[in-house]
Structures are given as C-alpha cells and as structure tokens.
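See below for the structure under consideration.
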Amino acid sequence: MQRYLSFSPEVANARTAGKPIVALESTIISHGMPYPQNVVTAKEVEQIIRDAGAVPATIAIIGGKICVGLTDEQLELLGNSPEAMKVSRRDLAYALSQNKLGATTVAATMICAQLAGIPVFVTGGIGGVHRGAETSFDISADLKELAQTNVAVVCAGVKSILDIGLTLEYLETQGVPVVAVGQEGFPAFFTRQSGFNADFRLDTATEQAAFIRTKWALGLDGGVVVAAPVPEADAMPKEEIDAITLQALQQAEELGVMGKKVTPFLLARIKTLTAGRSLATNIALVKNNARVGAALARALLEFPS
Ligand code: PSU
Ligand code: MN
C-alpha cells in the first residue's frame with residue numbers, strides 16, 4: 001500500500017526527523033468553503049501548525065496517489081476545481097484507480113493518515129447522524145471510521161444540521177471516546193455548547209496524549225474525538241444559527257437532496273443564509289483547532305507508543 005502514498009518534501013523531511021505531524025482534510029477545502037477563502041484558509045491553517053512547532057500534512061488524491069502534504073498549486077487546484085470528487089471510505093479505491101482529483105472527507109483522511117503513520121488530524125466538524133436518520137439511514141461514514149482507525153480527530157464538535165444526541169449515542173455504541181477541551185460540554189461547531197456533555201474533559205495536550213496512548217496500548221483500536229469549542233469571540237448567536245439551520249434543512253428536503261450531496265448542500269445554504277458570517281466562524285474555529293492539534297501532536301511524541 002506504500003506505493004499509493006506520495007509525501008511532499010516538507011512531510012518527508014518531518015518523517016525522517018521524527019517531527020510532530022498534523023494531518024488535514026481536503027473536503028473542507030473543495031466542498032466545505034467557497035473559493036478563494038478556502039485556499040487562503042488552508043494555507044493559513046498550515047502556517048499556524050508550523051508556528052506551533054509541528055508540520056502540516058494536507059491530504060488529497062491526485063494523479064493516482066494519496067498525496068500527504070500539498071504544494072500551493074495543489075491546494076489551489078483542489079480549491080478551484082468543481083470536478084473534485086468528495087472521497088470518503090467507499091470512494092477511495094475508485095478515485096485512486098481512475099486518477100480522479102479527490103478531496104478526502106474525515107473518514108478518508110483518517111484512513112490515509114493511518115497509512116502515513118500520522119496519529120493526529122485537525123478538521124472543522126465531523127460528519128454524524130443526520131436528523132431523520134431513522135428513515136433516511138443517513139449516518140456519515142466518519143463515525144464508523146472513528147470506531148476502527150487509530151487517529152485522534154480534533155474538531156469543534158458537530159453542526160446542528162445533524163442530530164447531535166444521536167451522533168453521540170452512535171459514538172458510544174461504537175466505543176469512540178468524546179473528549180472536550182476546556183469545558184464539560186460537547187460543542188456544536190458554530191456555538192460553544194450543544195446541550196450535551198462530552199464523555200471526558202481533558203484540558204491539556206499532555207492529558208489528551210496520555211489518554212490516547214493508553215487507549216491504543218490496550219489494543220482498543222479506533223479514534224478519539226477531541227472537541228475544542230469555537231473561541232467565545234467568534235461564536236454565532238445560537239437562536240440565529242438554529243433558525244437558519246432549520247431553513248437549510250427544509251430546503252434540502254424540498255429539493256430532495258440525498259446521499260453525499262446533503263452535507264455540502266447544507267453547508268453552502270447556511271453560508272448564504274448568514275450572509276457569510278458563518279464562514280468567518282468556520283475559519284476561526286478551524287484555526288483554533290489547528291493550535292490544539294499541533295500541541296497534541298507534540299505531546300504524543302512525549303509518550304511511548
Ligand atoms: N462538516 C462540516 N464541514 C465539512 C464537513 C462536515 O462542518 O466540511 C465535511 C467533512 O469532510 C466530513 C464530510 O467528513 O463533510 C461528511 O460528509 P458526509 O456527511 O456525507 O459523510
Ligand atoms: Mn451521508
């Protein structure tokens with residue numbers, strides 16, 4: 001499988017030198033944010049990780065390879081190519097064998113990060129159990145991946161476009177620990193509180209790293225959700241985002257949006273309905289997660305694996 005991996009010079013050097021590396025996904029670039037803010041943000045997030053003493057490794061499928069670490073040109077390509085495929089677990093072999101341009105979701109990025117030996121991955125929000133999943137069966141492959149792939153995922157919780165309660169129930173069933181940073185509550189992406197508590201509160205990177213290493217040392221395969229709330233100053237008013245979320249969900253239903261199109265549709269609608277303010281919050285929380293992830297990647301190197 002190593003023949004599918006292609007490391008950028010920066011990431012290859014970091015691997016040789018044993019430096020901390022942080023994986024980053026690319027669906028957030030191609031399908032999660034509009035151009036050109038997506039590319040600008042991707043570069044800024046990478047720089048935050050470098051400034052925090054770790055090496056960023058944005059992951060995408062390009063030219064039949066899993067590219068781990070991207071050039072500016074490759075980031076630009078992903079950010080500005082409508083044909084870029086949203087690649088989750090089921091799509092990975094197709095995108096690689098058909099030489100498609102592929103942007104990896106949380107699930108696919110976890111798989112690629114594990115193949116590349118990177119135990120920490122930073123994103124904005126993970127997928128989850130959609131509202132109405134009892135009839136649609138729409139449950140993100142991200143959750144199943146968290147159950148089986150050994151990568152810690154730093155996020156700002158899940159959006160209220162999803163059923164947050166059912167998402168946490170599913171994660172519990174699958175044995176995926178949900179850790180909150182700096183508070184007891186599980187954050188809801190645009191807002192700091194979802195109304196649900198995380199399983200555990202671990203405020204420092206050292207505690208988080210000790211927890212993760214212990215889990216894996218016990219042979220308990222699977223990821224850990226490390227949920228950091230959006231910084232107070234960047235959070236959106238709850239009433240506003242709740243109302244807009246309901247509007248977006250209603251439109252998705254009216255238009256019959258299904259399958260992998262659901263999440264990108266809802267993200268784009270929310271951005272439009274908030275006149276772009278949700279995008280500012282989204283960018284701020286990803287940057288905050290980058291700092292949390294870089295600290296965690298460094299702390300994990302202090303513990304024997
Ligand atoms: N949630 C967000 N922003 C995103 C995504 C989810 O707030 O960009 C993307 C991630 O790549 C995630 C994917 O893995 O959507 C989940 O898609 P689905 O629900 O189709 O599994
Ligand atoms: Mn889905």
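Values quoted throughout were computed directly from the atomic coordinates according to the rules given, and no laboratory measurement underlies them. None of the values given here were measured: they were computed from a predicted structure. Positions of Cβ are backbone-derived with ideal geometry, glycine not excepted, and every protein chain shown enters the neighbour counts.
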Task: Amide H contacts under 5 Å for Val224, placed H, 5+ residues apart - done: Val151, Ala152, Val153
- [ ] Set the Förster distance to 30 Å, then compute FRET efficiency between Glu207 and Asn99 from the Cβ-Cβ distance, nearest 0.05.
- [x] 0.10
Open item on the list: Going by amide H atoms built from the backbone, whose H comes under 5 Å of the H on Ile66, apart from near neighbours?
Closed with: Leu5, Ser6
Task: Selected from Val230, Val106, Val257 as most flexible by GNM, with the chain as the system and alpha-carbon contacts under 10 Å - done: Val257
Open item on the list: Once you keep just the Cα pairs under 8 angstrom separated by 6 or more residues, what percentage relative contact order results for the chain?
Closed with: 19
Task: GluC sites (Glu not before Pro) lying in DSSP loop within segment 156-221, provided at most 16 other Cβ fall within 10 Å - done: Glu184
- [ ] Could you pull the Rg and Dmax for the chain, using just the Cα atoms, both in Å?
- [x] 17.7, 53
Task: Computed magnitude of the charge dipole of segment 209-305 (debye, nearest 20; Cβ of K, R +1, Cβ of D, E -1) - done: 380
Open item on the list: Residue by residue through segment 183-189, what is 3J(HN,Hα) from phi via Karplus (6.51 cos²θ - 1.76 cosθ + 1.60, θ = phi - 60°)? Round to whole Hz and write x for glycine and proline.
Closed with: 7, 7, x, 7, x, 10, 6
Task: ³J(HN,Hα), Karplus 6.51/-1.76/1.60, whole Hz, each residue of segment 197-210, x for Gly, Pro - done: 8, 6, 6, 9, 10, 10, 7, 9, 4, 5, 5, 4, 5, 4
Open item on the list: Less than 23 Å apart at the alpha-carbon level, and either on another chain or at least 8 residues along: which lysines does that give for Lys215?
Closed with: Lys19, Lys144
TODO: Calculate how large, on average over all directions, the projected area of the Cα convex hull of segment 183-250 is; give the answer in nm² to one decimal.
DONE: 6.0
Task: Added length on full extension, which subtracts the Cα-Cα distance from 0.36 nm per residue, Lys261 to Asp51 - done: 72.1 nm
Task: In Hz, Karplus ³J(HN,Hα) per residue of segment 229-243 (6.51, -1.76, 1.60; θ = phi - 60°; x = Gly, Pro) - done: x, 4, x, 2, 5, 9, 5, 9, x, 4, 4, 5, 5, 5, 5
- [ ] Provide the gained length on full extension for the span Ala275 to Gln183, in nm with one decimal, where the gain is 0.36 nm per separating residue minus the Cα-Cα distance.
- [x] 30.1 nm
Open item on the list: Please report the projected area of segment 1-121's Cα convex hull averaged over all directions, in nm².
Closed with: 6.5
TODO: Alpha carbons only, please: Rg and Dmax for segment 1-66, in angstrom.
DONE: 12.7, 36
Task: Euclidean distance of C-alpha centroids, segment 190-226 and segment 102-160, integer Å - done: 15
